[in-house]
Structures are given as C-alpha cells and as structure tokens.
C-alpha cells in the first residue's frame, strides 16, 4: 500500500466516526498523523480527498454486499440484505453514504458527483439477485427506495424491531405480487390461443 492509499484509509476511518460535513484538512491531518500540505499534495484539495474517501467507502460496502449475496443462496434476499445493513459493523459506512446524499440535496455542486455511480451500482447489485422479469429494474428501484427509507428511519430512531417488521411486510407483499403476476401470465397466453 502506498502512502496515498494509507492516508485515504486513515481519512476514511476518521470520516466514519466524525462525518464529512464539517471536515477540515488541518484537524484531520493532525488526527491522522500527517500535515494538511501532504494531504493537498496527494489529493489536490478537500474535495479530492472526500472523493477518494467516498470511492473507498463505496468500494468496501459494495464488495462486502456482493460477497454476502453470492453466498446467500436461496435465502430471503431482502431480509439478508436488511440484516447486513443493520449490522453495527456496516452502520458507519451507510451513515456516511447517507450523509453525503443529504449534503448533495442541499449543495449538489459540491457533493452530488460523489454519488454518481452509487445508485446505478446498487441497482445493478439488487437486480442481479431478483428473478428475471420485464420490470426487474423497476422492482430493484422499489426495493432500494424502501430499504433507503427504512434505514433512515432505523438510523434516526434506533427502532430495529419496527423497521425490520416493516421490511418483512414489504418482502411478503413483493413475493405475493410476483406470484400473482406469474399466475396471471399463463391465463393471458391461453386467451390469445382461444381467440386465434
């Protein structure tokens, strides 16, 4: 690992605890044992450092989630994902991603570019574990939105029981909808043949 990667990792560890909204290079440098000048040398600016930190945070989260889903087999995918997101080990990463998402709402010029690939990457990961269908991208979007909302509720209230129950309810509704759609398709095909 080179010095730049080492500084990025230390900065990420700091941001996982303190967030980035009020991140300042001098106090950060002091905490991670370097100088602001060296941070600027490696990352060019505060924004460059935040970009490197966010890229690494997203890489870690998505690798961890990808490994989990590859090993999930036929388990309930939404519940497996929910348990992973609410695991205290993963909370700091997800809180940081949400923080940047909220900062981007207020100041898109400064923060939105840190999230450009996040949405499409998450949708791709979710899509990859859903059964094939014409509306799979829409289902992935719905799943991501529900989980985002429930995570925000969990992070702000700490009520894991209620938010987990809501996730289980959503999962059951999604499964019923998928079963109903698969039952309806053969009927549509039969009607076409009868009328031909």
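Can you tell which of 168, 148, 159 shows the greatest fluctuation in a Gaussian network model of the chain with Cα springs below 10 Å?
Looking only at 168, 148, 159, the largest GNM fluctuation is found for 159.
Nearest 10 degrees, 0 to 90: what angle lies between the long axis of helix 136-157 and the longest principal axis of the chain (Cα atoms)?
On a 0 to 90 degree scale, this one is about 50.
Efficiency by 1/(1 + (r/R0)^6): what FRET value for residue 63 and residue 4, r their Cβ-Cβ distance, R0 = 25 Å, to the nearest 0.05? Spell out each step's value before the answer.
Numbers: r = 20 Å, r/R0 = 0.79.
Result of the calculation: an efficiency of 0.80.
How many nm is it between the label spots at residue 70 and residue 26, if each spot is 7 Å from the Cα in line with the beta carbon?
For the pair residue 70/residue 26, the computed spacing is 4.6 nm.
Does region 1-45 classify as rounded, prolate or oblate by the C-alpha gyration tensor (a ≥ b ≥ c root eigenvalues; a/c under 1.5 gives rounded; else a/b over b/c gives prolate, otherwise oblate)?
oblate
Per DSSP H run of at least 4 residues, take -39500 (n - 2.57); add these up for the chain, divide by its residues and hand me the 222 nm value, nearest 500 deg cm²/dmol. Can you show the working numbers first?
Numbers: 10 runs with 158 residues, N = 196.
One gets -26500 deg cm²/dmol as the mean residue ellipticity at 222 nm.
Taking the simple approach of a point 7 Å from Cα along Cα-to-Cβ for both residue 152 and residue 40, what is their distance in nm?
So the two model labels end up 3.7 nm from each other.
Pick out which of 126, 40, 147 has the largest mean-square fluctuation in a Gaussian network model of the chain, springs linking Cα atoms closer than 10 Å.
The residue that fluctuates most here is 40.
Could you check the spin-label model distance between residue 129 and residue 145? Points 7 Å from the Cα along Cα→Cβ, value in nm.
Distance between the two pseudo-spin positions: 2.1 nm.
Read the figures in this text as sums done on the coordinates, not as results from a lab. In this text, all values refer to a predicted model and were calculated from it rather than measured experimentally. As a convention, Cβ positions derive from the backbone with ideal geometry for all residues, glycine included, and neighbour counts pool all protein chains shown.
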